[in-house]
Amino acid sequence: MLRIRLSMGGVRKRPVYKIVVADGRYPRDGKFIEKIGSYNPLLPKDKKERIKIEFERVKYWMSKGAQPTLRVSRILGEMQLMPMPKPGNNPLKAIPKKDRKKESKEEPKAEAKKEEPKAEAKKEEPKAEAKKEEPKAEAKKEKPKAEAKKEEPKAEAKKEEPKA
């Protein structure tokens, strides 16, 4: 599948991207079919040189079935070549990662505490029912124990016979 995506260039701490059409199986900075623009994120948003795109080539490749990546579709949306994609919903984005982990651990505990009173009420009801059923269960348990005791001497006798 053809993709319209960014290919990274530049030096450390000063990135510059090429907007390229490439096969989706190729690596990010690898072989591409055609360079159709450039993007320099370090320049201010109001400068023309920040984004340079050949509009005709973008339309041509999109007509051939090339799909833009999310970042490129945002760039094309800014240039009004296509509709702007919907913004993603990530409510935890503004929270540092360390704090996200702490909150996620606290939330299940808080939910468990809320559910405990309900669970306790449910536990009490089965206990009453279990008390009624316990005598039957005890009687059943005693029978297998007695049978097991009878079987054990037979097994011991069988083991002793081959030795003799």
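Too long at a 21 Å Cα-Cα cut-off: which of Lys13/Lys98; Lys18/Lys45; Lys35/Lys64?
Flagged as over cut-off: Lys13/Lys98.
Suppose each label sits 7 Å from its Cα in the direction of the beta carbon; what would the Asn90-Asp46 distance come out to in nanometres?
Going by the 7 Å Cα→Cβ label model, 2.9 nm.
Note down the relative contact order for the range 1-95 as a percent, whole number, built from C-alpha pairs under 8 angstrom at least six residues apart.
Result for the range 1-95 is 24 percent.
Each reported figure results from applying straightforward, stated rules to the coordinates on display, with no laboratory input. Since we're looking at a predicted model, the values are computed, not measured. With ideal geometry, Cβ positions are generated from the backbone for all residues, glycine too; neighbour counts draw on all protein chains shown.
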